[in-house]
Amino acid sequence: MKAVFLDRDSFPSNMKFHYPEGISEVIEYPNTTLDEVAERIQGADIVLTNKVVLTKDVIEQAHDLKLVQVTATGINNVDAQACKEQGIALQNVDGYSSISVPEHTFALLLALRRNLVAYIDDVRAGKWGESSFFCFLDYPIKDLANTKLAIVGKGIIGNKVAEIAKAFGMQVMFAEHKNVKVVREGYVPFNEAIQQADVLSLHCPLTETTKDLISTTEFEQMKPDAILLNMGRGGIVNEPALIKALTEKRIMGAGFDVATQEPMPHHHPLQALTKLPNFLLTPHIAWGSNEAMQKLANIAMEKIAQFMNPSS
């Protein structure tokens, strides 16, 4: 069988993909543009993609294709209906970032609550040497203990975030779905959670119901000293509303690992926010610890092996 990896360089070279026995030919491309996909997957039995898009048109042209293995959780870059119509299996990988994303969440949270970036920048600028005292306290420092954390998304990652939060002494609540009449056991009504939270952390997928989940109305309900964290997807938070909330100081700060456009172009509206000390943006790397990436690679190879030998 022939396997083609369309964007191998989306992973560092030290991450190892051990292809299962039975794959006689492997072609790994550093990256693939949209107009290169159709040609590159011709003759392939298995196609691996992280973020390269497989449209209905290219899928219909790939007459030998049997499996599309997405080396990520989201499969929105592949036309699932076209795969189904052509009898092509579509698999993703999940569960690999259950440590990496929660740890990244708290890295951003601690940086914001303790104003670490501002202090580090001032030290680099030589301000400590000019201080009249042994330290300088120009920016507020706030503990996490005894604060309220509202989490949207009660999956593996959301639960791990809750576990870490409790170790910090935070009070944890899971927000119920927005605009529902029945609140499940173990959840807090959405609006109530928004209003009470000192920290609001988003760990849910982007769907029709979660698009713009946090927008102007929600920012108006949040505490003025609240922090918003988004490790989910960019569209969960309405970006113009976020910009307004931060520039008008409706909330204290925000830490994001995602944007509506990735990679984020220079003209993207969030670029202006990156100049603010209370907005921290990382380039969708919360999932990307070495351990998480290798785990992802291993799971992907295991799933391919299971597809090739379902009885083993």
With DSSP loop assignment and no more than 13 other C-beta atoms within 10 Å, the GluC sites (Glu not before Pro) in region 129-187 are 185
Förster radius 35 Å - calculated FRET efficiency between residue 248 and residue 84 (Cβ-Cβ, nearest 0.05):
0.15
Where in region 190-266 are there trypsin sites (Lys or Arg not before Pro) that are in a DSSP coil and have at most 11 other Cβ atoms within 10 angstrom of their Cβ?
249
Using only DSSP helix segments of four residues or longer, with each worth -39500 (n - 2.57), what per-residue ellipticity at 222 nm results for the chain after dividing by its residue count and rounding to 500?
-9000 deg cm²/dmol
Given springs between every Cα pair under 10 Å in a Gaussian network model of the chain, which of 99, 156, 27 has the largest fluctuation?
27
Low-density loop positions, GluC sites (Glu not before Pro), region 33-85 - DSSP coil, at most 14 other Cβ in 10 Å
none
Counting only protein heavy atoms and using a 1.4 Å probe, what share of the accessible area of region 191-312 belongs to carbon plus sulfur, as a whole percent?
54 percent
Using Cα-Cα distances under 8 Å and only pairs 6 or more residues apart, what relative contact order does region 11-169 have, in percent?
16 percent
Three principal axis extents, largest first, for the C-alpha atoms of the chain, in Å?
69, 54, 38
Cβ charges +1 (Lys, Arg) and -1 (Asp, Glu), total dipole of region 165-312, debye:
40 debye
Before I look further, what does the chain give for accessible area per residue, probe 1.4 Å, in whole square angstrom?
51 Å²
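The values are calculated or read from the model by the stated rules, or taken from the named source; none is laboratory data. Please read all numbers here as calculations on a predicted model, not as lab measurements. Here Cβ is always computed from backbone atoms with ideal geometry, including for glycine, and neighbour counts include all displayed protein chains. We work out accessible area using only protein heavy atoms, side chains counted, and drop any ligands, DNA or RNA first. Shrake-Rupley method; radii C 1.70, N 1.55, O 1.52, S 1.80 Å.
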